[in-house]
Amino acid sequence: MLSTSAPAATSLSLQSAVASPALLAIRDLQVDYMTPQGPVRAVNGVSFDIKPGEVFGLAGESGSGKSTIAHALMRILPPPAVISGGSVLFDGDDVLDMGLEELEQFRWRSVSMVFQSAMNALNPVLTVGDQIKDVLHTHQPWLTKQQANARAAELLDIVGIEKTRLSAYPHQLSGGMRQRVVIAIALALKPQLMIMDEPTTALDVVVQKDILQQIETLKDELGFSILFITHDLSLMVEFSDRIAIMYAGEIVELAAAGELFNNPLHPYTRGLMNSFPALTGPKEVLTGIPGSPPDMRQPPPGCRFHPRCDRTMSHCSLTHTQLREVAPGHLVACHLY
Ligand SMILES: Nc1ncnc2c1ncn2[C@@H]1O[C@H](COP(=O)(O)OP(=O)(O)OP(=O)(O)O)[C@@H](O)[C@H]1O
Ligand SMILES: [Mg+2]
């Protein structure tokens, strides 16, 4: 465990004391990108839990630090990124303390990831079957050829693709099918947590929903948890149990999906909700949020959102905000509450 100065720990320890045990517990995570111009803190004191079987959504504008968190917790952050503080516990194990061998077991077996634009990450010169079997052979070398073939066929079946497609090359499949193959690979080792970073953004809406619905069914059958990252708040509300909203490297609000949708508290969350069409009901004029996220090399003092906030008060530019539990399970980092 690295050194911590837990700003968000008070309310979250309260939260975890009453909630069921966490599969993943992130506390006061800090990640810096060591640029030639100096360190850029991309993740600044982020804390949250994911429970077994839970879909936990992470939302926020581009550059808010979502992927950085995902890569940090899987320990696949490339340089110049450095985890400079906090702790990540997975099923009680200290992920930031794992050695290479332990990490190899942890990645894909415990936690797997469907990357942003992953459907283009398949190897164009290998068949779908060979790519699935590659993962199986690497992590389960004891499987016979027949067993690996059978498991690859089973995995395709799980994501709704006919096993005859085992011999297909990626270019012979539609975008939606390629994405299903990537999900099959992520499920190959029966992980306890699947990270999905914008898993379906490149696909049309109907295919997106179809794939997400299927993942939800699989999750219920197989019992894994999901960290779901997307820009699309309506998809996120539909498919997540709880949602954390990020702004400029910090969580500004965390609540159950329905609660966040019906009762958003942070002015940033309210703005985000207004930037997306409603799931149901009449079409409204979308207002969005004026301005743009801060330059992370020089985030504004006090509340990082105050320059864009429509409810700013005099001390918002002076005092940093902390996540506080304002109703059971509903946390917000805003001086209004
Ligand atoms: N290679 C890098 N070098 C320097 N800074 C970086 C680098 N990659 C990311 N950052 C910084 O980290 C911040 C968070 O980036 P990250 O990719 O985690 O955001 P994100 O929320 O996933 O965005 P998106 O929605 O566009 O995927 C960025 O605003 C940027 O300041
Ligand atoms: Mg990202």
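The values are calculated or read from the model by the stated rules, or taken from the named source; none is laboratory data. These numbers were taken from a predicted model, which means no experiment stands behind them. Heads up, the Cβs are rebuilt from the backbone with ideal geometry, glycines too, and the neighbour counts pull from every protein chain shown.
Only a single item in (1) at pLDDT below 95; (2) out of contact with any helix residue (DSSP H, G or I) (no Cβ under 9 Å at 6 or more places or on another chain) is not met by residue 150, and it is number (1).
Taking the stretch 300-309 only, how many residues are part of a loop (DSSP other than H, G, I, E, B) and more than 23 Å from the chain's Cα centre (by Cα)? Lay out the reasoning, then the answer.
Step one: of the stretch 300-309, the residues part of a loop (DSSP other than H, G, I, E, B) are 300-305, 309.
Filter again for more than 23 Å from the chain's Cα centre (by Cα), leaving 300-303, 309.
Going through the stretch 300-309 one residue at a time, the tally reaches 5.
For residues that are buried (at least 19 other Cβ atoms within 10 Å of the Cβ) and among the basic types (Lys, Arg), scanning just the stretch 129-188, find the one that is nearest to residue 106 (Cα to Cα). Applying the filter and picking the extreme gives 133. Examine the stretch 203-222 for a residue that is within 29 Å of residue 104 (Cα to Cα), hydroxyl-bearing (Ser, Thr, Tyr), at pLDDT 90 or above and in a helix (DSSP H, G or I), and state whether such a residue exists. Within the stretch 203-222 (the criterion being within 29 Å of residue 104 (Cα to Cα), hydroxyl-bearing (Ser, Thr, Tyr), at pLDDT 90 or above and in a helix (DSSP H, G or I)), the answer is yes, since at least one residue qualifies.
The residue of the stretch 189-210 that is nearest to residue 131 (Cα to Cα), among those that are of a type in the set (A, V, I, L, M, F, W, C) and surrounded by fewer than 20 Cβ atoms within 10 Å (Cβ to Cβ), is 189. Only one entry in 57, 86 is under 18 Å from residue 332 (Cα atoms) and either in contact with a helix residue (DSSP H, G or I) (Cβ under 6 Å, 6 or more places away or on another chain) or more than 16 Å from ligand 2 (Cβ to nearest atom) (or both), namely 57.
Regarding the stretch 66-78, can at least one residue be identified that is within 16 Å of ligand 2 (Cβ to nearest atom), buried (at least 23 other Cβ atoms within 10 Å of the Cβ) and assigned to a loop (DSSP other than H, G, I, E, B)? For the stretch 66-78, residues within 16 Å of ligand 2 (Cβ to nearest atom), buried (at least 23 other Cβ atoms within 10 Å of the Cβ) and assigned to a loop (DSSP other than H, G, I, E, B): absent.
Output yes when any residue across the stretch 250-262 is surrounded by 15 or more Cβ atoms within 10 Å (Cβ to Cβ), part of a loop (DSSP other than H, G, I, E, B) and either touching a helix residue (DSSP H, G or I) at 6+ places or on another chain (Cβ under 6 Å) or at pLDDT 95 or above (or both), and no when none is. No, the conditions are met nowhere in the stretch 250-262.
For the stretch 51-75, filtered to residues that are farther than 20 Å from residue 93 by Cα and among the β-branched types (Val, Ile, Thr), the residue that is nearest to ligand 1 (Cβ to nearest atom) is 68.
Residue count for the stretch 42-54 under the criterion of being in a loop (DSSP other than H, G, I, E, B) and within 13 Å of ligand 2 (Cβ to nearest atom): the result is 0.
Could you give every pair whose Cβ atoms fall below 9 Å, whose first residue belongs to the stretch 22-46 and is at positive phi, and whose second residue is polar (S, T, N, Q) and crowded, with 22+ Cβ neighbours inside 10 Å, counting only separations of at least 6 or pairs across chains? Qualifying pairs under 9 Å: 28/47. Close Cβ contacts (under 6 Å, 6 or more residues apart or on different chains) running from residues in the stretch 213-242 that are within 16 Å of ligand 2 (Cβ to nearest atom) to residues that are among the aromatic types (Phe, Trp, Tyr) comprise 227/56; 233/276. Residues that are surrounded by fewer than 19 Cβ atoms within 10 Å (Cβ to Cβ) and assigned to a helix (DSSP H, G or I) occur in the stretch 18-31; there is at least one.
The set of residues in the stretch 153-202 that are within 16 Å of ligand 1 (Cβ to nearest atom), part of a loop (DSSP other than H, G, I, E, B) and of a type in the set (A, V, I, L, M, F, W, C) contains only 202. Being away from ligand 1 (no atom under 13 Å from the Cβ) and of a type in the set (Gly, Ala, Ser) is a description that applies to residue 257.
Tell me which residues, restricted to the stretch 87-103, are part of a strand (DSSP E or B) and more than 18 Å from the chain's Cα centre (by Cα).
Scanning the stretch 87-103 gives 93, 94.
Restricted to the stretch 310-337, and to residues there that are over 22 Å from the mean Cα position of the chain (by Cα) and not in a loop (DSSP other than H, G, I, E, B), the residue that is nearest to residue 271 (Cα to Cα) is 316.
Picking from residues in the stretch 189-229 that are over 19 Å from residue 62 (Cβ atoms) and of a type in the set (Gly, Ala, Ser), the one that is nearest to the chain's Cα centre (by Cα) is 225.
Among residues that are of a type in the set (A, V, I, L, M), surrounded by fewer than 21 Cβ atoms within 10 Å (Cβ to Cβ) and over 19 Å from residue 226 (Cα atoms), residue 89 is not included.
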